[in-house]
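Undergrad: Okay, handing you the structure first.
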Amino acid sequence: MEFDLMGENKEAAEGDPRGKSGPIGVKMPSIPEELPILPSEVVPYPFTGVPIMVGNPKWVRMIDDVVVDRRMIAMFAIKEPSEEFDPDKIYHVGTACLIARMLKLPDGKIQMGVQGLSRIKLVEMTQIEPYPKAKIEVLKDVVEKNVELEALHKTVVANFQKFVSTAPNIPQEIAVIAMNIPEPGHLADFIATQLNLSPEERQGILEELNVTERLKKVSVFLAREQEILELGAKIQSQAKEQMNKLQREYYLREQLKAIKRELGESDDHMMEIEELRKKVEESGMPPEAKREAERELNRMERMNPDSAEYTVARTYLDWLVNLPWKVSTEDNLDILRAEKILNEDHYNLQKVKDRILDYLAVRKLKADMRGPILCFAGPPGVGKTSLGQSIARALGRKFVRISLGGVRDEAEIRGHRRTYIGALPGRIIQGIRRAGSNNPVFMLDEIDKLGADFRGDPSAALLEVLDPEQNFAFVDHYLDVPFDLSKVMFITTANTIFTIPPALLDRMEVIEIPGYTEHEKVEIAKQYLIPKQMKEHGLSEEDISFEEEAIRRIIRNYTREAGVRNLEREIGTVCRKVARRKAEGKEGKVRVKPDDLRQFLGPEKFKYELAGEKDEVGVVTGLAWTEAGGDILFIEAKSVPGKGELTLTGQLGEVMQESAQAALTYVRSYLAKTDPENKFYEKRDIHVHVPSGAIPKDGPSAGIAIATAIYSDLTGKPVRKDVGMTGEITLRGRVLPIGGVKEKVLSAHRAGLKTVILPKDNEKDLEEVPEHVRKELNFIFVEHMDEVLKTAIREEG
């Protein structure tokens, strides 16, 4: 619905601002001392019309009240947007306005046109709710009629006419209107409404009451806008000239091509295009990639070879034609040869070797079999990465390795879009090009160390790469065409599978590679590590030899690891000492004996035989799983005078803390039956500590060890030092199964323990433990905590 609110003052509101009181001598409506306030993002001027949209219910209500009265409002520009009205956030010089027209919209908003009447100043707020009102003071222009004002008036009118003649969006009639405004103040306001000024600049003109100064400000702004227009016209003219020049060059270049074709000659640019076109034909790329290559070639033909875009297209085509779309290495399917190579390079690891030989056997029967996605999971130093190289050698394939440790950018896997400066394909496509075949053994090292941040999640990008059902059409962002990865044999390595996202882990066949036993380490040292280090240090068998017992002592007393990396370093240290001796001119073969190790390697770093130590009260040997394999940890319990409180230290996680509380509850209930007089909970505090306090520890598998330590301390009975244990405990004393049995048992064997207590439900997991380890350890499988105490606690006497 639209209302025309001009009424009896229509002539006054629509007139031309010529008289002092109003247009053409018509008397303007009188302005009351108090007016409702409408905050505005625009700055209206006297004798100018402004369209306004009002949507806030508070201001809608104000307009409804105003239109039935005098239809006048005070408009003040806001300094900063605000949900609520704040007098401090509006300018205090504004414009008294008459609501000339109003249109109510269906959504409740009001669209209206207001006519500026006079400059006003906010004197005092008289009302805030339901809408603001204030006392106002009408401000009058300060006019000093003199020659300067008259000259300034004429200059501004002339400059404005020039501005309108060049401005593209201002009609010529505006200049005529400006010429017919006799009042300098009204002229300044009128021209200010036509210029592209900031709100602060518009407010500055509104607040300037001195007409001469106001015209000067408008003159400065008008000159600035004129300069911007002239600069824009100059830029447009230059762009047009450049376009004409490019069109002329294109026309001449096409003529030159035609002339050279007639003469049977060819330029370097066309030779390069033809050479690329030939490579595209010979590359064997699929039709979709070929269409993209042809499209880029056609674009390059029309480009200037010196342009940056030409270089981008040239680089892209280089990648396309140099990828091994149809180049494959032939697999060597001799299973006996492959088995021999795997055995030459690695000791034991039978499960991995069997899996590779199984793949070769199936590949022999079914030539189009897709490559498997294997994940070698195990502690550091067990040969996961080098195993990939052996597999490639056994298959007769190329080997590519990329490390994913610390990769956080998804573009590292999928590449960057070609729109980026310096864009390249991702590491997958780069590796394929480097291999020169589409069926290499591709090792993704340290897949459990992938990160994620604002640049994306690389593990999510690998979901397509490591899925045989999808990777036959892998699309790199840079290439933007599918590439077949189904023939690639992907092998990933990880120290732990727990940090790998479940969706990614589900796509891989996980093969656990456990830590080595002492016997295996001795054989690895003899067959692989010692010959390798002798070769690297320029030694021969005539210079050095190791006694087996010396190797064993290095393993026991100088290393404590699941793999053999540190063992190799220690052997290398011995070789360096011998190499120095030889370089100094000392002749003779060095036979490394156990007693010589202190001279070569310094004092022993670890103590091997824990069983030889004295049994202690409140100290239990627990078995733990770590990313580096298994390890032993000592759990200590000590009671002190107190009120039955439990203190836990050693950086224990929430699950381990809860296990300790459950263990204490069991011990309390157990002693209530076996030793009712022992009311420790009334007069003793229990402190449980797990040494190596700087290392975080968590998990429920230390439950029975904590319970044993607490029981030992409260009863004063020592715990057998040669017994290691692992298992989760319930409040009623039941022993629940745990994980990582193989690693824990190997750590117990490395530490020289004699007896290992395991949950009954974990008995089946012993099949993975090497047979000679099972023979050297005494395993006790328990279902209840009572059985643990009978085995671990040494009764006095």
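The values are calculated or read from the model by the stated rules, or taken from the named source; none is laboratory data. All values derive from a computational prediction rather than experimental measurement. Reconstructed Cβ throughout: ideal geometry from the backbone, glycine too, with neighbour counts over all protein chains shown. Heavy atoms of the whole protein, side chains included, go into the accessibility calculation; ligands, DNA and RNA do not. Shrake-Rupley method; radii C 1.70, N 1.55, O 1.52, S 1.80 Å.
Undergrad: Scanning for something buried (at least 19 other Cβ atoms within 10 Å of the Cβ) and on the phi > 0 side of the Ramachandran plot, does segment 379-389 turn up at least one residue?
TA: Yes, segment 379-389 has at least one match.
Undergrad: A further question on this structure: Which of the following residues is of a type outside the set (G, A, S), modelled with pLDDT under 85, surrounded by 13 or more Cβ atoms within 10 Å (Cβ to Cβ) and touching a strand residue (DSSP E or B) at 6+ places or on another chain (Cβ under 9 Å): P372, P286? Spell out the reasoning first.
TA: Working: P286 fails: modelled with pLDDT under 85.
One residue alone meets the criteria, P372.
Undergrad: Does L103 satisfy being under 55 Å from the mean Cα position of the chain (by Cα), closer than 30 Å to N56 by Cβ and modelled with pLDDT of 85 or more?
TA: Numbers: under 55 Å from the mean Cα position of the chain (by Cα): yes; closer than 30 Å to N56 by Cβ: yes; modelled with pLDDT of 85 or more: yes.
It is true that L103 is under 55 Å from the mean Cα position of the chain (by Cα), closer than 30 Å to N56 by Cβ and modelled with pLDDT of 85 or more.
Undergrad: A follow-up question, please. Before we move on, is D4 open to solvent by 60 Å² or more (accessible area, probe 1.4 Å), closer than 16 Å to R101 by Cα and at pLDDT below 50? Even if it seems obvious, please write down each step before you answer.
TA: Numbers: open to solvent by 60 Å² or more (accessible area, probe 1.4 Å): yes; closer than 16 Å to R101 by Cα: yes; at pLDDT below 50: yes.
Yes; evaluated as a whole, the condition is true for this residue.
Undergrad: What's the number of the only condition in (1) in contact (Cβ under 8 Å) with a residue 40 or more places away in the chain; (2) under 42 Å from the mean Cα position of the chain (by Cα) that A792 fails to meet?
TA: With (1) in contact (Cβ under 8 Å) with a residue 40 or more places away in the chain; (2) under 42 Å from the mean Cα position of the chain (by Cα) applied to A792, the lone miss is (2).
Undergrad: Can I ask one more? Just checking, does segment 666-673 include any residue being under 26 Å from G515 (Cα atoms), out of contact with any helix residue (DSSP H, G or I) (no Cβ under 8 Å at 6 or more places or on another chain), outside any loop (DSSP other than H, G, I, E, B) and not acidic (D, E)? Outline the logic, then answer.
TA: Start the filter on segment 666-673 by keeping residues that are under 26 Å from G515 (Cα atoms), which leaves none.
Scanning segment 666-673 turns up no residue that is under 26 Å from G515 (Cα atoms), out of contact with any helix residue (DSSP H, G or I) (no Cβ under 8 Å at 6 or more places or on another chain), outside any loop (DSSP other than H, G, I, E, B) and not acidic (D, E).
Undergrad: Scan segment 420-457 residue by residue and report those that are among the small types (G, A, S) and either crowded, with 18+ Cβ neighbours inside 10 Å or touching a Lys or Arg at 6+ places or on another chain (Cβ under 9 Å) (or both). Spell out how you get there, then give the answer.
TA: Within segment 420-457, the subset among the small types (G, A, S) is 422-423, 426, 431, 435-437, 451-452, 456.
Matches in segment 420-457: A423, G426, G431, A435, G436, S437, G451, A452, G456.
Undergrad: Same structure, new question: I'm checking my understanding of the structure. Among residues of segment 38-72 that are more than 56 Å from the chain's Cα centre (by Cα) and either closer than 20 Å to L105 by Cβ or among the hydrophobic types (A, V, I, L, M, F, W, C) (or both), which one is most open to solvent (accessible area, probe 1.4 Å)?
TA: Looking only at segment 38-72, we keep the residues that are more than 56 Å from the chain's Cα centre (by Cα), and these are 46-47, 65-72.
Those left that are additionally either closer than 20 Å to L105 by Cβ or among the hydrophobic types (A, V, I, L, M, F, W, C) (or both): 47, 65-68, 71-72.
Details: F47: 42, D65: 64, V66: 10, V67: 31, V68: 123, R71: 32, M72: 11 Å².
Step by step, filter segment 38-72, then rank; the result is V68.
Undergrad: Pick from segment 189-213 the residues that are under 52 Å from the mean Cα position of the chain (by Cα) and polar (S, T, N, Q): which of them is least open to solvent (accessible area, probe 1.4 Å)?
TA: Looking at residues that are under 52 Å from the mean Cα position of the chain (by Cα) and polar (S, T, N, Q), I get Q203.
Undergrad: Now, a different point. Just to be sure, is I686 more than 30 Å from N495 (Cβ to Cβ), among the hydrophobic types (A, V, I, L, M, F, W, C) and in a strand (DSSP E or B)? Don't jump to the end; show me each part of the working.
TA: Numbers: more than 30 Å from N495 (Cβ to Cβ): yes; among the hydrophobic types (A, V, I, L, M, F, W, C): yes; in a strand (DSSP E or B): yes.
Against the criterion (more than 30 Å from N495 (Cβ to Cβ), among the hydrophobic types (A, V, I, L, M, F, W, C) and in a strand (DSSP E or B)), I686 qualifies.
Undergrad: Follow-up question, since we're still on this one. Mind checking which pairs have a first residue in segment 232-259 that is among the basic types (K, R) and a second that is in a helix (DSSP H, G or I) and open to solvent by less than 90 Å² (accessible area, probe 1.4 Å), Cβ under 8 Å, 6 or more apart or different chains?
TA: K257/M270
Undergrad: hydroxyl-bearing (S, T, Y), open to solvent by less than 40 Å² (accessible area, probe 1.4 Å) and touching a residue at least 12 places away in the same chain (Cβ under 8 Å) - does that describe any residue in segment 723-742? Lay out the reasoning, then the answer.
TA: First, pick out the residues of segment 723-742 that are hydroxyl-bearing (S, T, Y): 726, 730.
Narrowing further to those that are open to solvent by less than 40 Å² (accessible area, probe 1.4 Å): 726, 730.
Narrowing the set further to residues that are touching a residue at least 12 places away in the same chain (Cβ under 8 Å) leaves 726, 730.
Scanning segment 723-742, I find at least one residue that is hydroxyl-bearing (S, T, Y), open to solvent by less than 40 Å² (accessible area, probe 1.4 Å) and touching a residue at least 12 places away in the same chain (Cβ under 8 Å), so the answer is yes.
Undergrad: Could you grab me the full set of residues in segment 316-358 that are under 21 Å from P286 (Cα atoms) and either surrounded by 15 or more Cβ atoms within 10 Å (Cβ to Cβ) or among the hydrophobic types (A, V, I, L, M, F, W, C) (or both)?
TA: Those that are under 21 Å from P286 (Cα atoms) and either surrounded by 15 or more Cβ atoms within 10 Å (Cβ to Cβ) or among the hydrophobic types (A, V, I, L, M, F, W, C) (or both): Y316, L317, W319, L320, V321, L323, P324, W325, V327, T329.
Undergrad: Within segment 13-33, track down each residue that is loosely packed, with under 15 Cβ neighbours inside 10 Å and either modelled with pLDDT of 50 or more or part of a helix (DSSP H, G or I) (or both). I'd like the intermediate steps shown before the answer.
TA: So in segment 13-33, the residues loosely packed, with under 15 Cβ neighbours inside 10 Å come out as 14, 20-21, 24-25, 27, 30, 32-33.
Matches in segment 13-33: E14, I24, G25, K27, S30, P32, E33.
Undergrad: Are any residues in segment 744-769 within 22 Å of E520 (Cα to Cα) and open to solvent by 30 Å² or more (accessible area, probe 1.4 Å), and if so, which ones?
TA: R750, K754, D765, E767, E768 - these are the residues of segment 744-769 that are within 22 Å of E520 (Cα to Cα) and open to solvent by 30 Å² or more (accessible area, probe 1.4 Å).
Undergrad: If you take the residues in segment 144-182 that are in contact with an Asp or Glu (Cβ under 9 Å, 6 or more places away or on another chain) and open to solvent by 70 Å² or more (accessible area, probe 1.4 Å), which one is farthest from L231 (Cα to Cα)?
TA: For segment 144-182, the residue satisfying everything is N180.
Undergrad: Residue check, G113 against (1) closer than 30 Å to K234 by Cβ; (2) of a type outside the set (D, E); (3) open to solvent by less than 70 Å² (accessible area, probe 1.4 Å); (4) not in a helix (DSSP H, G or I), all met but one. Which one?
TA: The failed condition is (1).
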